[in-house]
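To start, the structure itself, in structure tokens.
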Amino acid sequence: MNLEHASRQAAQLWCLALILAACATGCGGPTPVTGGTPGTLRFGRQPSADIQLTVHQRDSTVGDFLPIGIATTTDDGSFTLVKNSAEGPLRLSPGTYRITLESAGNPAPIPPEYLSWTTTPLKVTWSEGDKHLELETKD
């Protein structure tokens, strides 16, 4: 009986060690997405933090602009684009895009025209050689 009890206890400890090892390797949190198109957002000439940008591209099948990616600005107004749901980096290809804005942290006053792809003045034509997306709102 003691040998059977010792074997069961050893098996339980072995299982616990395997579970802890699996958690230790898989519990590091999400890996940040890198490699998307970088950019900077300024309100007037001032950098703006905690603003979520949504990038919209025309979908020829429906004729409307559909969201293809997002970013959130840092303290200096910089951002890196990622695909929707942070599935991977978003690298802009040549084409026309519209950018909408909303507050992502502390409530920031966003002019209403920037909230919808139909009214946003942030319209970008991206060319083959472009590397950095510079966005500036009106004062």
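One table, with the values for the structure above:
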item: Failed criterion for Pro47 (all others in (1) farther than 25 Å from Glu128 by Cβ; (2) within 16 Å of the chain's Cα centre (by Cα) hold); result: (2)
item: Residue in region 80-89 that is nearest to Glu134 (Cα to Cα), counting only those that are part of a loop (DSSP other than H, G, I, E, B) and at pLDDT below 95; result: Gly88
item: Test result for Ser93, small (Gly, Ala, Ser) and in contact (Cβ under 8 Å) with a residue 12 or more places away in the chain; result: yes
item: Condition broken by Gly129, with the remaining ones in (1) within 20 Å of Asp76 (Cα to Cα); (2) at pLDDT below 95 satisfied; result: (1)
item: Residue within region 97-108 that is surrounded by 12 or more Cβ atoms within 10 Å (Cβ to Cβ), aliphatic (A, V, I, L, M) and in a loop (DSSP other than H, G, I, E, B) present; result: yes
item: Of all residues making up region 80-139, the number that are touching a Lys or Arg at 6+ places or on another chain (Cβ under 7 Å) and of a type in the set (Asp, Glu); result: 1
item: Any hit, region 32-44, residues being of a type in the set (Lys, Arg), exposed (fewer than 15 other Cβ atoms within 10 Å of the Cβ) and in contact (Cβ under 8 Å) with a residue 40 or more places away in the chain; result: no
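The values are calculated or read from the model by the stated rules, or taken from the named source; none is laboratory data. Being a predicted model, the structure only gives us computed values, none of them experimental. Glycine gets a Cβ as well: all are built from the backbone with ideal geometry, and neighbour counts include every protein chain shown.
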